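The values are calculated or read from the model by the stated rules, or taken from the named source; none is laboratory data. Everything numeric in this text was worked out from a predicted model, so none of it was measured. Because the Cβ atoms are built from the backbone with ideal geometry, glycine has one as well, and the counts that use them run over all protein chains shown. For accessibility, only protein heavy atoms count, side chains too; no ligands or nucleic acids. Shrake-Rupley method; radii C 1.70, N 1.55, O 1.52, S 1.80 Å.
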Amino acid sequence: MSEDCIFCKIASGDIPGDIVYEDEHVVAFRDLNPQAPTHVLVIPREHISTINDLEENHAELVGRLYLAAKQVAEAEGIAERGYRTVMNCNAEAGQTVYHIHLHVLGGRPMGWPPG
Ligand code: 5GP
Ligand code: ZN
């Protein structure tokens, strides 16, 4: 738990989040400023600032982010139509919250390449 991390506080329940999935390792909640009809963020309970901070021992945890994303997509009814998962790393990619999070976006057609 990082003292001043908003996503740690959502994971611990210190501040409310619209949680759609959680287990021992990960939490998924709706983005405050959704960019698509479904926009959910999947985070590890453990505070990890960026992809660059991942270690060998996080390999399973990163897999769990995707397994949770799959569950969310199924629950949201977008699994078959399609959805996008994105994890931004550092400023130039647009990372604004420094606790890794997998965006799960769907419910509308997605453009490529991303902006
Ligand atoms: P990033 O730009 O770091 O990839 O994504 C951060 C995301 O977190 C943004 O989409 C932003 O809308 C969302 N966000 C920022 N603060 C909060 C918050 O307090 N609660 C929730 N649910 N989402 C947040
Ligand atoms: Zn955190």
Within the stretch 73-95, of all residues that are within 14 Å of ligand 1 (Cβ to nearest atom) and within 13 Å of the chain's Cα centre (by Cα), the one least open to solvent (accessible area, probe 1.4 Å) is Gln95
Restricted to the stretch 1-20 and to residues being open to solvent by less than 40 Å² (accessible area, probe 1.4 Å), over 12 Å from Pro44 (Cα atoms) and within 11 Å of ligand 1 (Cβ to nearest atom), the residue farthest from the chain's Cα centre (by Cα) is Cys5
Going by what's in this entry, would Pro16 be described as modelled with pLDDT of 95 or more, in contact with a Leu (Cβ under 6 Å, 6 or more places away or on another chain) and farther than 17 Å from Leu105 by Cβ? no
Checked against (1) surrounded by 15 or more Cβ atoms within 10 Å (Cβ to Cβ); (2) modelled with pLDDT under 95, Ala36 satisfies every condition except (2)
Heads up, the strands (runs of 3 or more DSSP E) in the stretch 11-115 (entirely inside) with at least 2 residues that are closer than 18 Å to Met1 by Cα and touching a residue at least 40 places away in the same chain (Cβ under 8 Å) are 26-30, 38-44
